[in-house]
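Rule-based calculations on the coordinates, nothing more; no lab input. None of these values were measured; they are calculated from a predicted model. As a convention, Cβ positions derive from the backbone with ideal geometry for all residues, glycine included, and neighbour counts pool all protein chains shown.
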Amino acid sequence: MIRYYYRNMEIDKALSIIEEKDPVRFPHILGTFKQARLLAKYYSLDDKKCSVAAILHDYAKGENKSRLKEIITKYGDVNIIKYDEEIWHGEAGSILLKLELGITDKDILDAVRYHVTGHPDMNDYAKVVYIADYTEETRKHPGVDFCRYACYISLDVGVLSCSEGIYNYLNTLPKKKIHPYTQLTYEHFLAKVGRERYESIKSHYQGM
Ligand SMILES: [Fe+2]
Ligand SMILES: [Fe+2]
């Protein structure tokens, strides 16, 4: 096992737990962690909180469907089970972090809970994890470079660009029932940023 020296025990511990639990997804986790730290620094947010939330955001991703369902049914918002199982790990992850690792920090738990669907009321920590998950260095999807640019205009513009990419992508898939938070997040941040301003940010980017 690699030993980590980020001069913070909680960050080191979170990295060790995830590397052992889910080695295949680890490059994505490291990328999300790095991106979250850059955003935390840029926006003067608590580095440890952003880092731990980013490292643990996919804590439940490797769990099988029946375990996720069981955890959510027992402790969480069962409404999410009506939607695609791909999105269950956010809700289940925040429950498991509390049960298995004893994490009680609401900012961390909410960031993990909302990293898949987004939420109109996301705070800055949840926004950082949501953006970092979508824009980290191993991501190759169309539009990701614009999102990497947009997230340094403001966290709201960053969330808007990512939610637009996610929402548009999901709409291309056949028979996907999109969770309402996905659409609400996009609509909320579009209204907050303003359609006209957002369009001018996009045309400025295209002209660069
Ligand atoms: Fe995820
Ligand atoms: Fe992720």
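Values as computed for the structure displayed
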{"quantity": "³J(HN,Hα), Karplus 6.51/-1.76/1.60, whole Hz, each residue of region 183-191, x for Gly, Pro", "calculated": "6, 4, 4, 4, 5, 5, 6, 5, 5"}
{"quantity": "Karplus (6.51, -1.76, 1.60) ³J(HN,Hα), θ = phi - 60°, over region 45-60, in Hz, Gly and Pro reported as x", "calculated": "9, 5, 4, 5, 5, 5, 5, 5, 4, 5, 5, 9, 4, 9, 3, 9"}
{"quantity": "Karplus 3J(HN,Hα) series, Hz, for region 28-41 with 6.51 cos²θ - 1.76 cosθ + 1.60 (x for Gly, Pro)", "calculated": "5, 5, 4, x, 5, 4, 4, 5, 5, 5, 5, 5, 4, 5"}
{"quantity": "Lysines with Cα under 27 Å of residue 21, excluding same-chain neighbours fewer than 8 positions away", "calculated": "13, 34, 48, 49, 61, 65, 69, 74, 98, 106, 127, 140"}
{"quantity": "Of 208, 51, 102, farthest towards positive along the dipole that unit charges on Lys, Arg, Asp, Glu beta carbons give the chain", "calculated": "208"}
{"quantity": "Whole-angstrom gap from region 137-198 to region 36-71, using each part's C-alpha centre", "calculated": "19 Å"}
{"quantity": "Additional length obtainable on full extension of the chain from residue 79 to residue 184, 0.36 nm per residue less Cα span", "calculated": "36.2 nm"}
{"quantity": "Dipole in debye (nearest 20) - the chain, about Cα centre, beta carbon charges: Lys, Arg +1; Asp, Glu -1", "calculated": "200 debye"}
{"quantity": "Neighbour-count order for 81, 18, fewest beta carbons within 10 angstrom listed first", "calculated": "81, 18"}
{"quantity": "The chain - percent relative contact order, Cα under 8 Å, separation 6 or more", "calculated": "18 percent"}
